[in-house]
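Report on one structure; see the data block that follows.
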Amino acid sequence: MAKLGQSSFRRILLTRLLLLSVPILLMGVYVTYRKARSTLLKTAGQNLTESAARKGESIQEIIAALQSNLISASESVVFKSQSPVGYQKFVEELAQQLPNQIQCVQLSNLQTKAVVASTCGNQFIEPSSETLWFQERGSTPITRSQVDVKVLLPQDQPPSETGNINQLNAENQLKLVFSVPVYNAADQLQYALSIHSALLQPKETPPGSLTGYPVVISQSGMILAHPSLERVGRNIEQEVEAEPLQRVLTRAIAGQQAFEHLFFFEQNNVELLAGYTSITSPVTGEENQKWTILAVTHIDSALAGLKDIQQVLFILTCCLIAASLLATYYIAHDLAMPLEKLTEYALNDSELHSTGKIPRNFNIREFNQLSEALEGMISRLRHWAEELETAWKEAQTANQLKNEFLANTSHELRTPLNGIIGCLRLVRDGFCDDKEEELDFLQRADDAAIHLLGIINDVLDIAKIEAGKLSVEMEPIDLRKLLNEVINLQAVPIQEKNLQFNTTDLHDIIPVRADPAKLKQVLLNVVSNAVKFTDAGSITISTRIEPLAEQPMMSSTGNLSPSSRPLYNLSAKKAKATNTDHGNDYANSQLSSSQVFVTVKDTGIGIDPTQQQKLFRPFVMVDGSTTRKCGGTGLGLAISRNLIELMGGRITLSSEGDGQGTTVEISLPTIEPSLLLTGDSQGLNGVTPMSSADSNGAVTQS
């Protein structure tokens, strides 16, 4: 269950990707928008600059054409006739022949200042300067430099009656008056032929057009043409944006062609874009006197295409955001799905206990590696869990066996103690009839004490084994001698149970190196177990000698090396085997390349195959109840195995099942017969071979 403030990996990944991608996308769209806007402004500025250059060229061409037409008209023969009617007809025809920019054509007498002929009323148009004209016509024709050009400003045009020159359309821009001298038949200066023209006329421009409207400024800063009539005739120093206008004027006079942003040249807070260039002033005709021509348009017109771009960018942004959301969702899904599967597998307890494999085969290598690592970890956890479960069961079993051992041991200890106490009290209290009966009770007490001592010795031996302090005293012995001693000790119990006892293949001499007491204890335990758990049938003891597969290695102390010993028990490895021979005789000798096998086979109760390996553990018995038919503490086989392993041998147990009898086999490496003491060898001749009992308990020679 997720804690407060926590979130899923998929949600975190999704939000992080969106927080990273969406701002970058919006920033990219914004940069694209700004780039498109700057490109449009740059393109508009270039177009306006070219438009200003075309307007300047157009003004120059119109002025030149008007000057040429005016010069040609002044040399007409009509002016030689001295006929006013002819003069009027001529100016009217001239007005029709000239371009549409002509507002008025007038012929005036310079001496009388009277209008001789006119197309626009009787108001006298006075040339700006007559000093350029000669009083007598020479041989040279009239040139363009002799054409007088005057700018007509609004303040120079007081209101007049209808039909006067002043009633011109206010939208007409750049009003100029051109005047040339006219000589009479005597070649004397008498008249002035004048033309009033508005060079710039408004034209309807389609939306988004980048031609702009014209503005003309003289070199002195006088505004000669502007859509706002109130601005015509003002100096740019009177404008709010005097500084940028002065900068434009300076650059244009210097010959530059560019564009500039203006804000107060038309209306307040209205951004304008103006391209500019310069032409030679037609008033003076001097190269150092310039007119600045501006092509001005609103910023909205310059950015007319930006609306379409905004729509495209908006649609594109929405599509990109939607695509980014889908891509981010699928990326987050692909990245989070392996982790979610691994998490689901880890959180499912049934999966951890099942044998199914962990999810894998992802497209991401790190997740596959994590899957393999988790599978290995879970496999190890399962293995450790199985080991813990096994150890727990073994601990439970061991605890149960301990409890059974305590109960059995207390029973085994109490029985001989009660016998000892009872026999001794009978003797002490004088309840015996004679001396022989007293000796019999004392013998019984002695036997019970010996049995009690054996139980205590077994417990002490197990304690020594667990502590790793059990040791054996190794010396050369004859195994045949020990076997006969053990057989003789078990003869009475065998006869009491009326068992058939067989001994075969007992060689004359079986030389081995072992601890006599400990080996006798092992043999006695094995044979007594066979007698104890066999109610009917036979017990067979046999020996055989076989060659060793590998020659055991001896240590420098004469003991078997650890590599040649079966490591069945940790306590056995901790115990010690000591060589009691003096000198280095045995250390310098070699072991025989054979080993002897002592087999004890009975026809008793048998053992379940699943329980056979447990019998070599301490406190383990086939029947652990205190009411079992046969007594014992369950320590005999465990002690026997440790003792045999300390002596370099091995003990095994096998049975085909319940009621099928049991076979115990003990193996020990043999030594050279010459290592046996002479006295020991001779002592063998005095041992009486064990006889076997017949079916009636009679003893027969085997």
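Some points to look at:
- Selected residue [hydroxyl-bearing (Ser, Thr, Tyr), under 24 Å from Ala185 (Cβ atoms) and modelled with pLDDT under 90] from Ser58, Ser81: Ser81
- Only one entry of Ser209, Ser228, Ser218 meets the criterion of being small (Gly, Ala, Ser) and modelled with pLDDT of 85 or more, and that entry is Ser218.
- Exactly one residue out of Ser38, Ser72 is closer than 25 Å to Leu152 by Cβ and free of Cβ contacts under 8 Å to residues at least 60 places away in the same chain: that is Ser72.
- Exactly one residue among Glu287, Glu266 is crowded, with 17+ Cβ neighbours inside 10 Å and of a type in the set (D, E, K, R), and that residue is Glu266.
- Yes/no for Arg251 being within 18 Å of Leu48 (Cβ to Cβ) and among the basic types (Lys, Arg): yes
- Enumeration of residues in region 84-135 that are buried (at least 19 other Cβ atoms within 10 Å of the Cβ) and assigned to a strand (DSSP E or B): Ile102, Gln103, Cys104, Val105, Gln106, Leu107, Ser108, Val116, Ala117, Ser118
- Taking the conditions (1) modelled with pLDDT of 80 or more; (2) surrounded by 14 or more Cβ atoms within 10 Å (Cβ to Cβ) in turn, Gly454 satisfies each one other than (1).
- Those residues of region 287-299 which are in contact (Cβ under 8 Å) with a residue 24 or more places away in the chain and among the charged types (D, E, K, R), in sequence order: Lys290
- Number of positions in region 300-320 that are without any contact (Cβ under 8 Å) to a residue 40 or more places away in the chain and under 21 Å from Arg251 (Cβ atoms): 0
- Flag if Tyr345 is over 22 Å from Lys55 (Cα atoms), out of contact with any strand residue (DSSP E or B) (no Cβ under 7 Å at 6 or more places or on another chain) and either at pLDDT 85 or above or surrounded by 14 or more Cβ atoms within 10 Å (Cβ to Cβ) (or both): yes
To keep it simple, each residue is scored yes or no on (1) surrounded by 14 or more Cβ atoms within 10 Å (Cβ to Cβ); (2) of a type in the set (Lys, Arg); (3) over 30 Å from Leu249 (Cα atoms).
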| position | (1), (2), (3) |
| --- | --- |
| Arg11 | no, yes, yes |
| Thr15 | no, no, yes |
| Ile24 | no, no, yes |
| Met27 | no, no, yes |
| Arg37 | yes, yes, no |
| Lys42 | no, yes, no |
| Leu48 | yes, no, no |
| Ala52 | yes, no, no |
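- Subset tally (residues that are under 17 Å from Ser667 (Cβ atoms) and among the acidic types (Asp, Glu)) for region 481-535: 2
- Tally of residues being under 60 Å from the mean Cα position of the chain (by Cα) and either assigned to a loop (DSSP other than H, G, I, E, B) or modelled with pLDDT of 80 or more (or both) across region 459-517: 3
- So Ala323, is it within 15 Å of Leu19 (Cα to Cα) and either surrounded by fewer than 14 Cβ atoms within 10 Å (Cβ to Cβ) or free of Cβ contacts under 8 Å to residues at least 60 places away in the same chain (or both): yes
The values are calculated or read from the model by the stated rules, or taken from the named source; none is laboratory data. In this text, all values refer to a predicted model and were calculated from it rather than measured experimentally. Positions of Cβ are backbone-derived with ideal geometry, glycine not excepted, and every protein chain shown enters the neighbour counts.
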